[in-house]
Amino acid sequence: MIIDTLKRLWGDRKGATAVEYGLIVALIVIAMVAALTQLANSTTTMWGNVSTKVAAATAGV
């Protein structure tokens, strides 16, 4: 019984496909996190520049 089950599992390729899809999804998520991190950094820099200019403009009034 155990040997038959092991033989059946050894020939089953559905798990390999699921692992491949999981790896593809993981790579997509890593790329998205990297892109969003870069976007967040540039947005933070932009708002820092706006804050500095607003502070300079209000100090000159």
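The values are calculated or read from the model by the stated rules, or taken from the named source; none is laboratory data. It should be emphasised that the depicted structure is a prediction, and the values quoted were computed from it without experimental measurement. Backbone-built Cβ (ideal geometry, glycine too); neighbour counts: all protein chains shown.
Can you name the residue in the range 5-23 that is small (G, A, S) and modelled with pLDDT under 80 and is also farthest from the chain's Cα centre (by Cα) among such residues? The extreme case among them is G11.
Taken together, A35, A16 contain a single residue that is surrounded by 10 or more Cβ atoms within 10 Å (Cβ to Cβ) and assigned to a helix (DSSP H, G or I), which is A35.
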